[in-house]
Amino acid sequence: MSGARLGLRANAAQFSLLVGLNALVGALVGLERSVLPLVGKQDFDLASDAAVLAFVVAFGAAKAVTNLGAGVLADRIGRKRLLVLGWLLALPVAPLVALAPTWWLIVAANIFLGANQGLAWSMTVVMKIDLAGPARRGLALGLNESAGYLGLAATAFASGALAASIAPRTVVWAGALAISLAGTLIALVFVRDTALHVAHEQAGHGERKALPLSAAFAKASVRQPVLRACSQAGLVNNLNDALAWGLVPLYLAAHGASATRIAVIAAVYPALWGVLQLVTGWLSDLVGRKPLIVLGMLVQAGALALLVAGGGAFLPSLAAAALLGIGTALVYPILIAAVSDVVQPRDRAAVVGVYRFWRDTGFVLGALLAGFAADALGSRAAIALVAVLTAASGLAVAATRWQSSA
């Protein structure tokens, strides 16, 4: 197939470029993690937690829908074209945040941000899987997700630290402008498509067309037990991530935490998540996917329980953030690897797109649940509710009979 070869070593240059590019994808969304909920309260005088978390709903809905579309379109119009389109959609974020006279224009900016993440992150994921081949799939995804979430952690901390001396909105829009321009340039000029690698791997399974969207959606959502278990676990994982993003900064601020302390807690969670994925992805290639996924979901549930028990105090909250990062590292790249394990190469983009649709629908449900539960019952009750749902999700994975190959 025109010299296409699978493996990390054979594709080191392009793989490394995609790792770096995904760090920029993560950095773009990380700008908002520690400061944007506070902007809603302080700059726009929003009293309702549900109204503040509307930006997470907009982000999650846009990302989920574009994930679904990206999976189907990847084989039709090419991975690289979708990657470039994703970065072009990031360009309006900075001016919208900078010039917004109302909170709802900030929400609109997050529709563009969600579309950017859905296309750009999805394509870096799929292209890395294409390049790596089956033997090192867990490691490849660990590297991808590690880069993205270390980028996210770096800007989450930097934006929170800078917000002590610079207007938070300025920090967000200036950073978004620089990152979106750099990402667009790299994707357009340096990245190469991976269609030949997909064809090369598919040749070992017999050539055929990819599944249509309806069949891929049914397979990943209902019909295939492993895919069904992964889709629900991904949804719940991002449900608790939406809580960490949108509600936890408000919960900590209400208990007297400074912007700097909130930034530290907001950064520790994705930093550990990012670093440890280098190990957990590789480890899942050796010991299997299911045990790590179950353990990770239960650790996340314990982290949220500790956050409630700590009552907003700094040290318990820091420990909870660390545990949440550890638990998520045990889950996040491994779920995508598990999905990739049980589908043929030609179906990979579509089925991964369906999985990512369900996973990022968790942002929408998590923001709605956290916002309305916090308004009705208080933040502690909302966090406790999500902890219970996370534990139940892990037990559902434990009860699933596992299949390890297509």
Problem - Net dipole in debye of the chain [+1 Lys, Arg Cβ; -1 Asp, Glu Cβ; about Cα centre; nearest 20] - result: 960
Exercise for the section: Take the Cα coordinates of segment 289-340, assign each an equal point scatterer, and use the Debye formula without solvent to give log10 I(q)/I(0) at q = 0.14, 0.16, 0.29, 0.31 Å⁻¹. Expected result: -0.37, -0.45, -0.95, -1.03
Problem - Lysine pairs with alpha-carbon atoms under 30 Å apart, the chain, spacing 8 or more or separate chains - result: 15
Practice task
Pick out, from Gln344, Ala305, Ser221, the residue whose Cα sits farthest towards the positive end of the charge dipole of the chain, with +1 on the Cβ of Lys and Arg and -1 on the Cβ of Asp and Glu.
Solution key: Gln344
Completion exercise
For segment 8-109, the dipole about the Cα centre with charges only on Cβ (Lys and Arg +1, Asp and Glu -1), to the nearest 20 debye, works out at 600
Problem - Using θ = phi - 60° and Karplus 6.51 cos²θ - 1.76 cosθ + 1.60, couplings along segment 258-270 (whole Hz; Gly, Pro as x) - result: 6, 4, 5, 5, 4, 5, 4, 5, 5, 8, 4, 4, x
Fill in the blank from the handout: For the chain, the percent of all C-alpha pairs falling in each 10 Å bin, from 0 up to the bin holding the max distance, is 5, 25, 35, 24, 9, 1, 0
Exercise for the section: Give the calculated FRET efficiency between Val189 and Thr260 to the nearest 0.05, with a Förster radius of 45 Å applied to their Cβ-Cβ distance. Expected result: 0.75
Exercise for the section: Return a whole-number percent for the relative contact order of segment 1-123, with Cα pairs under 8 Å and 6 or more residues apart as the contact set. Expected result: 33
Problem - Under the Karplus curve 6.51 cos²θ - 1.76 cosθ + 1.60, θ = phi - 60°, whole-Hz ³J(HN,Hα) for segment 133-141, x wherever Gly or Pro sits - result: x, x, 5, 10, 5, x, 4, 4, 6
Problem - Computed magnitude of the charge dipole of segment 225-382 (debye, nearest 20; Cβ of K, R +1, Cβ of D, E -1) - result: 140
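Kirkwood hydrodynamic radius, computed over distinct alpha-carbon pairs, for segment 198-338: how many Å, to one decimal?
On the way: mean 1/r = 0.0598 Å⁻¹.
About 16.7 Å, per the Kirkwood formula over Cα pairs.
Leu315 to Ala164: FRET efficiency via 1/(1 + (r/R0)^6), r the Cβ-Cβ distance, R0 22 Å, to the nearest 0.05?
Working from the Cβ atoms, E equals 0.60.
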Practice task
Between Ala178 and Ala13, with labels modelled 7 Å along Cα→Cβ, what's the label distance in nm to one decimal, could you check?
Solution key: 2.9
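For segment 327-406, what is the convex hull volume of the alpha-carbon atoms per residue, in Å³?
Hull volume over Cα atoms, normalised by residue count, gives 90 Å³.
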Problem - Segment Arg401-Arg223, length gained on full extension (0.36 nm per residue, minus Cα span) - result: 62.8 nm
Handout entry: Mean Cα-pair separation over length for the chain, i.e. relative contact order, pairs under 8 Å, 6 or more apart, %
Key = 28
Exercise for the section: At 0.36 nm per residue, minus the direct Cα-Cα distance, what do Trp104 and Val388 gain on full extension? Give it in nm, one decimal, please. Expected result: 99.1 nm
Exercise for the section: Quickly estimate the mean residue ellipticity at 222 nm for the chain, helices only: each DSSP H run with n ≥ 4 gives -39500 (n - 2.57), and the total goes over all residues, rounded to 500. Expected result: -25500 deg cm²/dmol
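Evaluate the relative contact order of segment 275-368 (contact order divided by residue number), counting alpha-carbon pairs under 8 angstrom at least 6 apart; express in whole percent.
The normalised contact order for segment 275-368 reaches 32 percent.
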Practice task
Read phi for every residue in segment 29-37 and hand back ³J(HN,Hα) as whole Hz from Karplus 6.51 cos²θ - 1.76 cosθ + 1.60, θ = phi - 60°, with x for Gly and Pro.
Solution key: 6, x, 4, 8, 4, 9, 10, 5, x
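Where a number appears in this text, it was derived from the coordinates with a stated rule and is not lab data. Small disclaimer: the values here were computed from a predicted structure and weren't measured. Cβ coordinates were reconstructed from backbone atoms using ideal geometry, including for glycine residues, and neighbour counts include every protein chain displayed.
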